[in-house]
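What follows is a single structure, written as structure tokens, with notes after it.
No lab work stands behind these numbers, since they all come straight from the coordinates. Model, not experiment: these values are computed from the prediction. Cβ placement follows ideal geometry from the backbone for every residue including glycine, while neighbour counts extend to all protein chains displayed.
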Amino acid sequence: MATDYDAPRKNEDELSEDSLDELKGRRTDKQSAVVDEDEAETADSYELPGADLSGEELLVRVLPAQADEFTCASCFLVRHRSQVAKEKGGLLYCKDCEG
């Protein structure tokens, strides 16, 4: 919300003069009629057009680990050998997991 720093400000006496009814009226004016909904319930109600993917197969070509790669023993990501930070018990750990 933008603030007008040039607008006259109320002092302590003027602030205390605001009636309780006036303050309650301001509060109800600012309230919205939006009701919080559970996101999971909302997501269940959406259907994608032609979304029956039960018979689909994902075709991905999987490559074996290359000579210059390793799999981190902590995060299990395949990394380049330059990312090796530590070797312990024959297991390699990347810089992100050791840093």
> Where in the stretch 80-99 does the amide nitrogen come within less than 18 Å of the point 7 Å from the Cα of ALA65, taken along Cα to Cβ?
Replying inline: 80-98
> How high is the relative contact order of the stretch 46-99, in percent, counting Cα pairs under 8 Å that sit 6 or more residues apart?
Replying inline: 23 percent
> Order of 81-90, 54-63 by packing, highest average Cβ count within 10 Å first?
Replying inline: 81-90, 54-63
> If you add up the charges near ASP68, with Lys and Arg at +1 and Asp and Glu at -1, over every other residue whose beta carbon is less than 15 angstrom from its beta carbon, what do you get?
Replying inline: +1
